[in-house]
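A.B. asks: One structure coming up, written as structure tokens, with questions to follow.
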Amino acid sequence: MELYGNLHRGTQRLLPLCILIPFLSVVVSDQMEVGVLINFKKIVVKDPNGALTTWSVKDSDPCSWSGVECDKNFHVSGLALPSQQLVGSISTDLGDLQFLRKIDLSGNTFTGVFPMSLLNCKRLERIDLSGNQFYGSLPDDFQRLPRLLSLKLNKNDFTGNLPNSFSPRLEVLDLSTNRLTGGITLDFGRLRNLTTINLFGNLLTGVVPGSLTKCKVLRRLDLSNNNLEGPIPFDLGILKRMRFLSLAGNNINGSIPSTLGNCKWMTKLNFSGNQLSGEIPQEVGYLTLLDSLDFSGNRLAGEIPASLGNMTKLERLNLGNNLIEGIIPTELGEVLALTHLFLNGNELSGDIPQSLSTCVNLTMMSLAGNKLTGAFPTVFGALLNLKDLSLARIIADSVGNLSTLKVLNLSGNTIGGAIPESLGMLLHIESIDLSENNFHGKIPLQLGGLKTLKYLDFANNKLVGDIPDGLGNLEELETLDLHNNQLEGKIPKSLTGIPTLENVNMSSNHLRGLIPSYGAFSHLKESSFMENPEPLW
């Protein structure tokens, strides 16, 4: 009986202690976490937005501090301070936050090497240190973070090789815009949950690994602007969930795999700036959800597939600077969403199809540097949204109907005839370049009404007559180049009153009289007027 009484009294003494232990552990834990966060604050040298003003050693509850998140047990589980203009480095004890699941310090100016102590935070799921000034090599043992789902270290200055070891749970890997070197040697067979791989803007070499096809749920792959070579893996089309694929700005050769036509969810496809050859597969036209297609700057040959007309959601099509021949398919007129069309620098021939006039959303169109013939279709006057037009060998009065046009570039062709007076109807035009052609006749008087014009280049043609006095009304004009023509008479004094005029070249004409030495002409050099029949100074 006495023994039972002693046990009962002992149990009564222990009960309050058992109840208190969990709370004491939280208090101890909070005090430790407060110390870690205060150390973090101490080495932040600039905090212009006052993001850390609520962080105080006198406050034992970090869960109330700005940018700090806590779990249900009041442990620090998240640190989110993106784009706060913070300047400093990362404290070495940040890894003591054992319950940390997320850290986002993106868009600041933190410096130093990668904070290795973060690899001690076994619960970490998301790391975002993008847009800072971290440098040095990256650790090769990210597998120490078994729960890691997302790693964003882009827009820093990391060097060395890519890390090789990650948790199989990883979904997002963004190491873009650094200075990483070496090959892409990740074991994609273990990383089957990857949905996003961004490695663009590094110095990576080697080939595009065929093992990428094991990432069956991959939606975004961007390896652009590196030094990759070799062919595009033929089986890349197995990745049927792919929405964004860019291999632009590398040295990739070979042909475009026809299997890409299987990627029915693709919205953006960019292989520009490589050394691809062969024809464009007609299967590319099966990508009916595509809104941007860029194969420019390669060595692609053959004809433009008529199947591209199936891509009714396509807004940007760039096939410029290749070796593509044949005609422009009339089916492109069925791509009604088209806003940008670049077919320049190829071997295209024949007429411009009138069907393109149905693409009323076009704002930029470049067909220059081809072998196109025939007239500029008069129905193109209906393209009221067109702001930038670059053609070759063709021009017509109907170009004046393009009332929203801002840039007209017809330079470097063999266009003859007179400059259309209808150019004076382009009331929003900012740049006209008709240089390096065979235009003759006089400069149209109607150009004096182009109040928004900043750049006017008629150099290297066969223009005659006087320089219109009305050009002095171009109050925003910055550059006027009329050199190497057959212009006559005196230089209009009205030009001296253009306040923005900085660059003038009237050399190699038949101008006479004295050059005005005041106003906008006061800073011009003699070289701007050389090779006229008599001294103009």
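A.B. asks: Express the carbon and sulfur contribution to the solvent-accessible surface of the chain as a percent, rounded to the nearest whole number, probe 1.4 angstrom.
C.D. replies: 52
A.B. asks: Let me ask you something else. For the chain, what does the helix formula give at 222 nm: sum of -39500 (n - 2.57) over DSSP H segments with n ≥ 4, over the residue count, nearest 500 deg cm²/dmol?
C.D. replies: -3000 deg cm²/dmol
A.B. asks: What chymotrypsin sites (Phe, Trp or Tyr not before Pro) does segment 59-107 have in DSSP loop regions with at most 16 other beta carbons within 10 Å?
C.D. replies: Phe74
A.B. asks: Under the 0.36 nm per residue contour assumption, what length would be gained going from the current alpha-carbon distance of Phe74 and Arg190 to full extension?
C.D. replies: 38.3 nm
A.B. asks: Filter the trypsin sites (Lys or Arg not before Pro) in segment 177-219 to those in DSSP coil with at most 12 other Cβ atoms within 10 Å of their Cβ, and list the result.
C.D. replies: Filter output for segment 177-219: Lys216.
A.B. asks: I'm checking a number: the convex hull volume of the Cα atoms of the chain, normalised per residue, in Å³. What is it?
C.D. replies: Convex hull of Cα atoms, per residue: 201 Å³.
A.B. asks: How many Å³ per residue does the convex hull of the Cα positions in segment 52-188 occupy?
C.D. replies: 100
A.B. asks: Keeping all protein chains in the complex and leaving out DNA, RNA and ligands, what accessible area do you get for Arg243 with a 1.4 Å probe, in Å² to the nearest 10?
C.D. replies: About 90 Å², ignoring ligands and nucleic acids.
A.B. asks: Additional query: Need one number: nm distance between label points at Ala337 and Ala418, each 7 Å from Cα along Cα→Cβ, rounded to one decimal.
C.D. replies: If labels sit at Ala337 and Ala418, their model points lie 4.5 nm apart.
A.B. asks: Let me ask something else about it. Taking the solvent-accessible surface of protein heavy atoms with a 1.4 Å probe, what is the per residue accessible area of the chain in Å²?
C.D. replies: 44
A.B. asks: Per 0.36 nm of contour for each residue apart, how much would the distance between Thr111 and Thr205 grow if the chain were fully extended, relative to their Cα-Cα spacing?
C.D. replies: 31.2 nm
A.B. asks: Also, I was wondering about something else. Taking Cα atoms, how many degrees apart are the long axis of helix 2-42 and the longest axis of the chain, rounded to 10 and kept between 0 and 90?
C.D. replies: That works out to roughly 20 degrees.
A.B. asks: While we're on this one: If the cut-off is 30 Å between C-alpha atoms, which lysines fall inside it for Lys152, apart from same-chain ones fewer than 8 positions away?
C.D. replies: Lys41, Lys42, Lys46, Lys72, Lys102, Lys122, Lys214, Lys216, Lys240, Lys264, Lys268
A.B. asks: While we're looking at this one, here's another question. Could you give the distance between the Cα centres of segment 247-309 and segment 441-505, to the whole Å?
C.D. replies: Centre-to-centre distance over Cα atoms comes out at 43 Å.
The values are calculated or read from the model by the stated rules, or taken from the named source; none is laboratory data. Only a predicted model underlies this, so the values are computations on that prediction, with no experimental measurement involved. With ideal geometry, Cβ positions are generated from the backbone for all residues, glycine too; neighbour counts draw on all protein chains shown. SASA here: full protein model, heavy atoms, side chains in, ligands and nucleic acids out. Shrake-Rupley method; radii C 1.70, N 1.55, O 1.52, S 1.80 Å.
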